[in-house]
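Each remark here refers to the structure printed beneath this line.
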Amino acid sequence: MNWGLVVKELYMDKVFIEDLEVEAIIGIWDREKKTKQKIRLDIEMSIDAKSASIKDTIDFTLNYQEVAERVSSFTAESRFNLVETLAEKICKLIIEEFLVKWVKVKVSKIKVVKSSSFVGVTIQRTSEGY
């Protein structure tokens, strides 16, 4: 285990977006490829909150409204078979467009498995991976 990364994550400042409901064409079944379905996204992104908290201005932090709008429009225009692919593409978009060093994305499909509210995937990526 890389304890340096574990310690960094424990003390990392994060901005989060929770339960962002978006629509997408996603799935492997024919019925999923024809109609948009609602999915939920949870996103965490690393930031340095110290400068923003001292200056008390949005100019020194990550604007979660802008991230939510960009991810929502990207997802609405996308077509993927797998939630893993969508999660990976969202991570890449956030790292490249918003210049974060670390991101965690959870993609949940709603009511697609009998007796389950949600199914999906959670992935984490760093800017070093892109």
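Every read-out reported here was derived from the displayed coordinates using simple, explicitly stated rules and does not represent laboratory data. Computed from a prediction, not measured in an experiment: that's the story for all the values here. Don't worry about glycine lacking a Cβ; one is built from the backbone with ideal geometry, like all the others, and counts go over all protein chains shown.
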- From largest to smallest, what semi-axes in whole angstrom does the chain give when each is the square root of 5 times an eigenvalue of its alpha carbon gyration tensor? 29, 17, 13
- Counting sequence-distant residues (5 or more places) and residues on other chains, those with an amide H built under 5 Å from that of Val112 are Val119
- Message: If I model a spin label as a point 7 Å beyond the Cα along the Cα-Cβ vector, how far apart are those points for Thr85 and Ser53 in nm?
- Response: 4.1 nm
- Ranked by Cβ crowding within 10 angstrom, fewest neighbours first, how are Thr61, Thr85, Thr35 ordered? Thr35, Thr85, Thr61
- Note on the structure: Here FRET efficiency (C-beta to C-beta, Trp29 to Gln65, R₀ 35 Å, nearest 0.05) is 0.55
- Ordered by fewest other Cβ atoms within 10 Å, a rough proxy for footprinting exposure, Phe98, Phe16, Phe118 read Phe16, Phe118, Phe98
- Message: Checking understanding here: applying a Kyte-Doolittle mean of at least -0.5 and a length along the axis of at least 18 Å (C-alpha), which whole DSSP H helices in the chain pass?
- Response: 83-98
- Please give the length that would be gained between Phe118 and Ser78 if that part of the chain were fully extended, namely 0.36 nm times their separation in residues minus their C-alpha to C-alpha distance (nm, one decimal). 12.4 nm
- Task: Sum -39500 (n - 2.57) across every DSSP H segment of at least 4 residues in the chain, then divide by the residue count to get the 222 nm mean residue ellipticity, nearest 500.
- Result: -11500 deg cm²/dmol
- Query: In the structure shown, do any of Lys14/Lys55; Lys36/Lys101; Lys50/Lys92; Lys14/Lys36; Lys14/Lys109; Lys14/Lys111 have a Cα-Cα gap over 21 Å, and if so which?
  - Reply: Lys36/Lys101; Lys50/Lys92; Lys14/Lys36; Lys14/Lys109; Lys14/Lys111
